[in-house]
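What follows is calculated from the coordinates using simple rules that are stated; it is not laboratory data. Quick caveat: nothing in here was measured; it's all calculated off a predicted structure. Note: ideal-geometry Cβ built from the backbone for every residue, glycine included; neighbour counts use all protein chains shown.
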Ligand SMILES: [Zn+2]
């Protein structure tokens, strides 16, 4: 295995050693690993067939000489999950989630920790320092514990207490710094200098950038195996690997996308892919120095000294040199920087959990809020294939998104002589949920559309829902059940939505039931005229994500 470390400022190459952090010629700390891509391109695709699907299957492209199986916790090899419901909701069927929650400590930082700790162990290092907004320190702590390396973890006092306790649980020394993340980094750096300890240098850490590349490798392999008859790694073919049109990730310091874009570039150098995906890097409005620099076309980012966000994990105020490096990469891929509000992120987190069964941490939800924004702006097209990085725990965030009433209590009364225990239970349960929920009838000939509307309603509250798959069935159902609200499709064979509406309005018992028309069709002025005064709202089918739809539903059933 051969690789060198090349200085990105003067081009000087040197062998790799973890504690050598500066270019021997120009003293720059910005250097990159470089491999023999031609040789690896020839051998790697054949090797892959015989290797397990984990991070180390790309070992020829990692700066560790001998991967030590004793240190592994099963890093990498996370699933790529198709977000079918989100896809329907957004009108973009090809949305995939790279589920980094399934790493050993639940975040994509596990890759960084696995590779870095392996390299440190190989170099005989026994103590290290890292500053973190939470997840990095948790990952490093787990791997450091396994490798017998002592970790000094510098965190800001704003890092949620549960995260701090987890760091301490692994035996790391937690050092709480009352100040910003950038200040915590400075304190950590000074501590490491005084004690002459190895220090994690963020995006300047060779192993960190290299580890992040494996996300690019994995998702290209995974996308290919879904769509090509001879997927990579089957030892038979040399067909090209597939890349998405977009790769979306939320960023704090920006190391993730910097490493992942290097991964895609290496695949291109090895002629394993043709096209680089456009990279979208998403920040929170309250701490978005890179987005501001991008929109202002500035060469460097002006640091944000007091980040204003609840999403502490993303509160890197000063991206330093990562910005120009990442901006160049993003420009080359025709990608972009964008920001979203905390509220958008919390909403996206809720939508993701309810629509896809995936509970991400707010930092990851920022990328989903970014996805929604880019789709709505028409920047991401309905035919695009999109991969989103998803990571993290949700524990510390419940107060922000759920309020205080997220659980209902069942308090069983003491059994009295007159009451059997069952009666007490029934009485208690009746307080958990009212006996009757608002009744909504969904009329649509497409089963997918019915399922989507049902899912959106269910995710927002308690409804009793009936469905009709054509106009005739709809009229019978509404006459029999008298729902509180009808959600009606227009384009159906035989008896269409207009005919259903006419039938309802013709009868006194059903004439006053509110109707929301949901249609994929652009209506002609004549058709609009037919609906006028007959319905409560007209929604385009791609609009279901909007709060307007749910507000409308809530208003009508009150
Ligand atoms: Zn140099």
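All C-alpha pair distances within segment 142-280, sorted into 5 Å bins from zero, spread as 2, 9, 14, 15, 16, 12, 9, 10, 8, 4, 1, 0 percent across the bins. Taking Cα atoms only, the orientation of helix 547-557 departs from the longest principal axis of the chain by about 30 degrees.
Once the Cα atoms are used to define both axes, helix 322-332 deviates from the longest principal axis of the chain by about 60 degrees.
When only Cα pairs below 8 angstrom with a gap of at least 6 residues are kept, the chain shows a relative contact order of 11 percent.
Among 246, 152, the ranking by other beta carbons within 10 Å of each residue's beta carbon, starting with the fewest, stands as 152, 246. By the beta-carbon count within 10 Å of each Cβ, the least crowded to most crowded order of 347, 57, 226, 451, fewest first, is 226, 451, 347, 57. The distance linking segment 162-200 with segment 260-330 is 24 Å (Cα centroid to Cα centroid, whole angstrom).
Taking the C-alpha atoms only, the angle from helix 497-506 to the longest principal axis of the chain is near 40 degrees. Ranked by the mean number of other Cβ atoms within 10 Å of their residues, highest first, the peptides 509-519, 98-108 fall in the order 98-108, 509-519.
Under the Kirkwood approximation applied to all pairs of distinct alpha-carbon atoms, what is the hydrodynamic radius of segment 1-83 in Å?
Values: mean 1/r = 0.0671 Å⁻¹.
Over segment 1-83, the inverse of the mean reciprocal pair distance is 14.9 Å.
Here the alpha carbons of segment 451-548 define both size measures, Rg and Dmax, at 13.1, 37 Å. Working note: 222 nm ellipticity from helices only, DSSP H runs with n ≥ 4, each -39,500 (n - 2.57), summed and divided by the residues of the chain, gives -12500 deg cm²/dmol to the nearest 500. Under the criterion of Cα pairs below 8 Å and six or more residues apart, the relative contact order for segment 1-91 equals 22 percent. Which of rounded, prolate, oblate describes segment 131-193, given a ≥ b ≥ c as roots of the alpha-carbon gyration tensor eigenvalues and a/c under 1.5 marking rounded, otherwise prolate only if a/b is larger than b/c? Cα axes put segment 131-193 in the oblate bin. Calculated on the alpha-carbon coordinates, the convex hull of segment 240-376 measures out at 106 cubic angstrom per residue.
Highest-first packing order for the peptide set 253-261, 31-39 is 253-261, 31-39, based on the mean count of other beta carbon atoms within 10 Å. Report the normalised scattering of the chain as log10 I(q)/I(0) at q = 0.05, 0.11 Å⁻¹, calculated by the Debye formula with identical scatterers on the alpha carbons. Debye output, listed in q order: -0.26, -1.01. In segment 84-158, the inverse of the mean reciprocal separation of distinct Cα atoms equals 14.0 Å; this is its Kirkwood hydrodynamic radius. Taking every DSSP beta bridge that has both ends in the chain, the antiparallel portion is near 20%. Segment 43-112 and segment 337-375 have Cα centres separated by 21 Å. Modelled spin-label separation between residue 353 and residue 42, with each label point placed 7 Å from Cα along the Cα-to-Cβ direction: 5.3 nm. Distances over 18 Å make up what percent of all Cα-Cα pairs in segment 36-162? Taking all Cα-Cα pairs of segment 36-162, the fraction more than 18 Å apart is 62 percent.
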